[in-house]
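Asker: Quick one: this structure, given as structure tokens, is what I'll be asking you about.
The values are calculated or read from the model by the stated rules, or taken from the named source; none is laboratory data. If you're wondering where the values come from, they're calculated on a predicted model, not measured in any experiment. Here the Cβ is made from the backbone with ideal geometry for all residues, glycine too, and neighbour counts use every protein chain on show. Each accessible area value is taken on the protein alone, full model and side chains, heavy atoms only, with ligands, DNA and RNA left out. Shrake-Rupley method; radii C 1.70, N 1.55, O 1.52, S 1.80 Å.
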Amino acid sequence: MQNSKLFNHELAAKAEKLGCLPDEWLTQIYAEKWFKLFVPKELGGRGCTLPEALKIEEKLARLDGSLGWTVTLCAGAAWFVGYMDESLRKDIFPDEKLCLAGSGFVGGKANKVGENYLISGSWTYASGALHATHLTANCEISEDGKTLLDEKGKPVIKAFLLDRKEVEILDGWNYMGMIATGSHAFRCENLSVPLNRCFEILPEKAQLTAPVYQYPFHQFAEATLAANILGITKHLKDLIEQSFWKRNEYRKYDEKHLNYFTELLNKQNKKLQKVQDDFYRQVNTSWDELEKNGKISDSRLKKISKVSRKLTQKCRSINGKLYPFSGLEAAKTHTELNRVWRDFNTVGQHALLIFPF
């Protein structure tokens, strides 16, 4: 990855202290168009396929967890460009410093009155909120005060694009890891927006024809989050190994102990490589299927969900087995090892990937 030396421990520590990505990283992100991985090239994006984007997201997460996660979540929010009204796309997406942050939480209500929606609510965990030019928000829909229901009798949910200037960012990211993601909440009250700010994230509602917008959002989200967990795990595993051998310089482990650690590390490396290969194989197969048939079979989508969870579970297991061999270095709050461990054990709590099934 170009300029990977820029993403070093010193700047990562600075990012954590700031609670957001530093300017040095943002400059590179804008230059590489990482916040616009899935935005068409004609709108100033990279126009990536999902397999291409996952490789980038994994590499960024391996450099720094908050970096990879912020890019992934903001790029994921910008993926919604495929579902937005043409006038909205052409108005905002060419901006070189465009950054969308969003929340999957249905935290608002939108009442359609004439040619506008009145929106009120609050939404949690909007990663990258401090860098955002716009935010996406899910709302229950009503018309003239009457709640709209779908065919199953549940409230109709639609998404909205809000300008950063229209909302209040709430300082609510008080967690031990992923601190530089700035995953704060936001809110608004009786905000009037035009109808074209509303969109639905469903394949049949896509306004652009590129295959990536036909990839179901649930599996899209699972795969992108799993790629981040994989990248952070590789970073953590490297640091644990380095810490062990550094400790050996003064502890002088005997041959039995050295062999044990070496064999354990090799075994875990093979396990990770196997599930990683399976993960990318399933994603690539699903993409080939999408390009060939225009959609992905239900059986393949289930495999994507399963392998994303399996990868996450395997990473959790590997990290747990190797972590004790890093010694107290991992418990020093100012070290790179400790930050990466905290990042993993924060992002690993994401609700999408907790269960193995």
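Asker: So, in region 153-193, exactly how many residues are basic (Lys, Arg) and part of a strand (DSSP E or B)? I'd like the intermediate steps shown before the answer.
Answerer: Narrowing region 153-193 to residues basic (Lys, Arg): 154, 158, 164-165, 187.
Narrowing the set further to residues that are part of a strand (DSSP E or B) leaves 158, 187.
Residues that pass the stated criteria total 2.
Asker: Here is a follow-up. Can you tell me which of Asp288, Asp277 is free of Cβ contacts under 8 Å to residues at least 24 places away in the same chain, open to solvent by less than 80 Å² (accessible area, probe 1.4 Å), acidic (Asp, Glu) and out of contact with any Lys or Arg (no Cβ under 8 Å at 6 or more places or on another chain)? Step through it out loud before you land on a result.
Answerer: Values: Asp288 fails: open to solvent by less than 80 Å² (accessible area, probe 1.4 Å).
Matching residue, one of Asp288, Asp277: Asp277.
Asker: Can you tell me how many residues within region 109-121 are outside any loop (DSSP other than H, G, I, E, B) and surrounded by fewer than 16 Cβ atoms within 10 Å (Cβ to Cβ)? Working first, answer last.
Answerer: Within region 109-121, the first condition is being outside any loop (DSSP other than H, G, I, E, B), and the residues that meet it are 109-113, 116-121.
Still in the list and also surrounded by fewer than 16 Cβ atoms within 10 Å (Cβ to Cβ): 113, 116, 120.
Selection size over region 109-121: 3.
Asker: Ok, one more. Restricted to region 122-170, and to residues that are over 24 Å from Pro94 (Cα atoms), without any contact (Cβ under 8 Å) to a residue 12 or more places away in the chain and not aliphatic (A, V, I, L, M), which residue is most open to solvent (accessible area, probe 1.4 Å)?
Answerer: Here the residue is Glu151.
Asker: Which one of these is farther than 27 Å from Ala13 by Cα and not β-branched (Val, Ile, Thr): Leu328, Leu311, Leu322, Leu337?
Answerer: Residue meeting the stated conditions: Leu311.
Asker: Out of the residues in region 58-108 meeting the condition of being part of a helix (DSSP H, G or I) and of a type in the set (Val, Ile, Thr), tell me which one is surrounded by the fewest Cβ atoms within 10 Å (Cβ to Cβ).
Answerer: Ile92
Asker: So in region 235-250, with the set limited to residues that are of a type in the set (Phe, Trp, Tyr) and either within 27 Å of the chain's Cα centre (by Cα) or under 14 Å from Phe261 (Cα atoms) (or both), which one is surrounded by the fewest Cβ atoms within 10 Å (Cβ to Cβ)?
Answerer: Step by step, filter region 235-250, then rank; the result is Trp245.
Asker: Say we look at region 198-228 and pick out the residues that are hydroxyl-bearing (Ser, Thr, Tyr) and touching a residue at least 24 places away in the same chain (Cβ under 8 Å); which of these is farthest from Ser87 (Cα to Cα)?
Answerer: Thr224
Asker: Let me ask something else about it. If you scan region 203-234, which residues turn out to be under 17 Å from His350 (Cβ atoms) and open to solvent by 50 Å² or more (accessible area, probe 1.4 Å)?
Answerer: To start, the set of residues in region 203-234 that are under 17 Å from His350 (Cβ atoms) comprises 217-233.
Within region 203-234, Phe217, His218 meet the criteria.
Asker: For region 61-92, what are the residues that are under 15 Å from Ala210 (Cβ atoms) and not aliphatic (A, V, I, L, M)? Outline the logic, then answer.
Answerer: Restricting attention to region 61-92, the residues satisfying the condition of being under 15 Å from Ala210 (Cβ atoms) are 75, 78-84, 86, 89.
Matches in region 61-92: Trp79, Phe80, Gly82, Tyr83, Glu86, Arg89.
Asker: Then there is this: May I ask you to say which residue of Asn259, Asn190 is among the polar types (S, T, N, Q), over 21 Å from Arg339 (Cβ atoms), open to solvent by 60 Å² or more (accessible area, probe 1.4 Å) and touching a strand residue (DSSP E or B) at 6+ places or on another chain (Cβ under 6 Å)?
Answerer: Asn190
Asker: List, please: which pairs have Cβ atoms under 8 Å, are six or more places apart or on different chains, and start with a residue in region 308-326 that is closer than 28 Å to Glu249 by Cβ and at pLDDT 95 or above and end with one that is open to solvent by less than 10 Å² (accessible area, probe 1.4 Å) and of a type in the set (D, E, K, R)?
Answerer: Partner pairs satisfying both residue conditions: none exist.
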